[in-house]
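The values are calculated or read from the model by the stated rules, or taken from the named source; none is laboratory data. If you're wondering where the values come from, they're calculated on a predicted model, not measured in any experiment. Note that each Cβ is placed from the backbone with ideal geometry, even for glycine, and that neighbours are counted across all protein chains shown. The area values use the complete protein model at the heavy-atom level, side chains included, leaving out ligands, DNA and RNA. Shrake-Rupley method; radii C 1.70, N 1.55, O 1.52, S 1.80 Å.
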Amino acid sequence: MTTTAPKLKTSAMIASFVDPGQRTTAAPFGHALVAAAHEDDRIVGLSADLAKYTDMHVFAEAFPDRFFQMGMAEQLLLGAAAGMAETGLIPFASTYSVFAARRAYDFLCLDIAEPNLNVNIVGGLPGLTTGYGPSHQATEDIAIFRGMPNLTIVDPCDSIDIEQAVPQLAASDGPTYLRLLRGKVATVLDEYDYRFELGKAKVLRSGNDVVFVTSGLMTMRALQAADVLATHHVDVGVVHTPTIKPFDAATVLAEIDTDRLAVTLENHTVVGGLFETVAAAVVGAGLGKRVVPIGLPDRFLDAGALPTLHDRYGLSTDRVVARVLDELG
């Protein structure tokens, strides 16, 4: 008798990429922003008609007089946030990553980054975290933003990263861009004696055979893959780099400069993101070290169910394990 896998429904296109049984925290960004706002009355929230889908609705309910709904006008969203920052407020402006990066780039660049204002852009659906195709998949947002002077870029792994990052982003000078994980977000890093520090990479586990340099949700996958690879007698270290810019090259290069296989893992195209950031640091330091990239391909991706797409494009734990074993021969 043969059995077939259950057919994935349309809802799987927007389903969480968190594995069944994984511990989660609901709306960590929204609750962290509320906590920060209780401590600092300069914090305000804005959204471009997407508060519910970026967890900004939690803040809006707690502080209705400090929340501003700007409608479907991303340029206005960032322009208004810039004006608020000029008056001494600390805006957190949320929309989808694709809209912040593609539609409103010039406003972020000239209204916010050039005068170095403390505006915090919160981008939902980064990379391959939705199945709704290229119109919603921000697979190239880091590549778009890395060249912008003054802009800090943060790619958090889980709820711990997000909760700890929010007050640090509010307190930092200049603009920031947070690749938001929303809804029921995995809780992973509390098992690794981890604290988020803006601008710092952290070694989560050591390993003798392979070193993973990771960011975003791929840190969760890297830790899962490391456990599976251990059953194949492959010892894997994991370095989490939640801040992509400014990049903690010193910590990462110290881990790269060994005889281990070096692999980057990112929820982003291999063009212009973590891989190229690491590769540039390696070349600049004259290490002559090969780095293997695991990330999304340089093309527009399909629409479909998220689990299917993660496996198709190499982000699933099984695909990471297979790639490493193939590299080790």
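Quick notes on this one:
- Unique match (being open to solvent by 10 Å² or more (accessible area, probe 1.4 Å), among the aliphatic types (A, V, I, L, M) and under 20 Å from Glu276 (Cα atoms)) among Ile160, Ile153, Ile144: Ile144
- Residue among Ala281, Ala285, Ala303 that is open to solvent by less than 30 Å² (accessible area, probe 1.4 Å) and either in contact with a Phe, Trp or Tyr (Cβ under 6 Å, 6 or more places away or on another chain) or not β-branched (Val, Ile, Thr) (or both): Ala281
- Any hit, segment 311-329, residues being among the small types (Gly, Ala, Ser) and buried (at least 21 other Cβ atoms within 10 Å of the Cβ): no
- Within segment 34-50, restricting attention to residues that are within 11 Å of Pro167 (Cβ to Cβ) and either modelled with pLDDT under 95 or under 23 Å from the mean Cα position of the chain (by Cα) (or both), the residue that is most open to solvent (accessible area, probe 1.4 Å) is Ala35.
- Pairs, first closer than 25 Å to Thr129 by Cα in segment 205-219, second of a type in the set (Phe, Trp, Tyr) and at pLDDT below 95, C-beta under 7 Å, six or more apart: Leu217/Phe17
- Scope segment 231-254; condition open to solvent by 10 Å² or more (accessible area, probe 1.4 Å), β-branched (Val, Ile, Thr) and in a loop (DSSP other than H, G, I, E, B); matching residues: Thr231, Val234
- Considering segment 51-66, the residues that are free of Cβ contacts under 8 Å to residues at least 40 places away in the same chain and out of contact with any strand residue (DSSP E or B) (no Cβ under 6 Å at 6 or more places or on another chain) include one that is surrounded by the fewest Cβ atoms within 10 Å (Cβ to Cβ), namely Asp65.
- Residues of segment 195-237 classified as under 17 Å from the mean Cα position of the chain (by Cα) and hydroxyl-bearing (Ser, Thr, Tyr), total: 3
- Selection from segment 167-214 of residues that are hydrophobic (A, V, I, L, M, F, W, C) and farther than 14 Å from Val154 by Cα: Ala171, Val185, Ala186, Val188, Leu189, Val203, Leu204, Val210, Val211, Phe212, Val213
- No other residue among Gln69, Gln137, Gln75 is open to solvent by 10 Å² or more (accessible area, probe 1.4 Å), touching a residue at least 24 places away in the same chain (Cβ under 8 Å) and not hydrophobic (A, V, I, L, M, F, W, C) apart from Gln75.
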